[in-house]
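I have placed the structure first, in the form of C-alpha cells, so that the comments after it can refer back to it.
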Amino acid sequence: MAQRPKPDKISTNKGDLIIQPILHGTLMLEWDGKTIYIDPYGGAAAFEGLADPDFIIITDIHGDHLNMGTLQTINASNALYIIPNAVAKEMGVEDYPKARILDNGEKIAEKGIQIEAIPMYNLPEDASSRHTKGRGNGYILTFGDKRLYISGDTEDIEEMRSLKNIDVAFVCMNLPYTMDINQAASAVIEFEPTIMYPYHYRGTKGLADVEAFKSLVGKGTKNTEIRLRNWYSKY
C-alpha cells in the first residue's frame, strides 16, 4: 500500500470533497460519489487501494502529467478524460472515445461538476518557453458551492493573479520549470484562495522550501491557510 498523506475533507453544500495528495502534481478528488484523478503519475502502486476514476484530468504533455505508463496500468476503463488538444494528439485521442478536449477559456459540466480550462504557461511568452501559452490547461473545478483551482505547470501569470473566489488552490513552485517560491507567494497573496496547497515542488535542485513559502504568504495575507503535505513519500 502506498504511503500517502492522510486525505483532507472540505465541506461543500453537497457533501464533503475528499482531497488525497498522491505524488508531485498528482492528486485524487472524491465528491458526490465521483472519483477524479488529476495528472495520474507514479504507476499502479501510487493508486493502490483507491477507487477507480470516473474522470481523468490532464494538464500538459510532459511525462509527469501525461504519463502513458501509469494510464495503462490503472483501471481507467470507465473514465472520462478531460484534456487539452496537445495531450489529445500525444495520446491518440481516437483510442480514447471517452475524451473531451478543452482549450483555454472553455468549460463543460459533467456529472454535476463544472470544469473550466484556464491558461498555464511560462514567461516570456515565446516559442522557447517550456510551457507555451495555449498548449496546456490549468483548471477550475466547481463542486457544489466550492471552487478548486489546479495550476498545472505555470509561471506567475496574470490569469492566476486575477482569479476570484477560489476556495482551494494547488499551486506549483519548481525551478527551472515553473516559478520560485517568491513568485508563487506573490501570486497567492494577490488572489487569496481560502486554502492553498503547495504541490509540484520538485525541481532540478531538489524540493522547494515550502516552509519558507508558507512564511512569505503569512506575511502578506491572513486570509489564506497554507496546507503543507508530503508529496514525495516513496512507494
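Bear in mind these aren't lab numbers, they're just calculated from the coordinates by the rules spelled out. What you see is a predicted model; the values in this text were computed from it and never measured. Here Cβ is always computed from backbone atoms with ideal geometry, including for glycine, and neighbour counts include all displayed protein chains.
The Cα atoms of the stretch 57-117 cover 28, 22, 21 Å along the three principal axes, with the biggest extent listed first. Applying 1/(1 + (r/R0)^6) with R0 = 25 Å to the Cβ-Cβ distance of Lys205 and Leu123 gives a FRET efficiency near 0.80.
Computed from the Kirkwood radius of its Cα pairs, the Stokes-Einstein diffusion coefficient for the chain at 37 °C and 0.692 mPa s stands at 186 µm²/s.
The dipole here belongs to the chain: it is taken about the Cα centre, uses +1 on the Cβ of Lys and Arg and -1 on the Cβ of Asp and Glu, and is about 540 debye.
The value of relative contact order for the stretch 28-94, using C-alpha pairs under 8 Å at least six residues apart, is 32 percent. The gain in end-to-end length when the Glu90 to Asp52 segment is fully stretched comes to 11.4 nm, 0.36 nm per residue minus the alpha carbon separation. The H on the amide N of Lys146, modeled in the peptide plane, is under 5 Å from the matching H of Asn13, each at least 5 residues off or on a different chain.
Taking H placed 1.01 Å from N in the peptide plane, check which residues at least 5 places from Ile82 or on another chain put their amide H under 5 Å from its amide H. For Ile82, the qualifying residues are Ile56, Ile57, Ile58, Arg100. Between Leu228 and Lys98, the contour length at 0.36 nm per residue exceeds the alpha carbon distance by 43.4 nm.
With the simple model of a label 7 Å out from the Cα in the direction of the Cβ, Thr221 to Asn182 spans 2.0 nm. Each helix, a run of at least 4 DSSP H residues, gives -39500 (n - 2.57); summed and divided by the residues of the chain, these come to -4000 deg cm²/dmol at 222 nm.
Comparing Thr59, Thr204, Thr178 in a Gaussian network model of the chain (Cα springs below 10 Å), the most mobile by mean-square fluctuation is Thr204.
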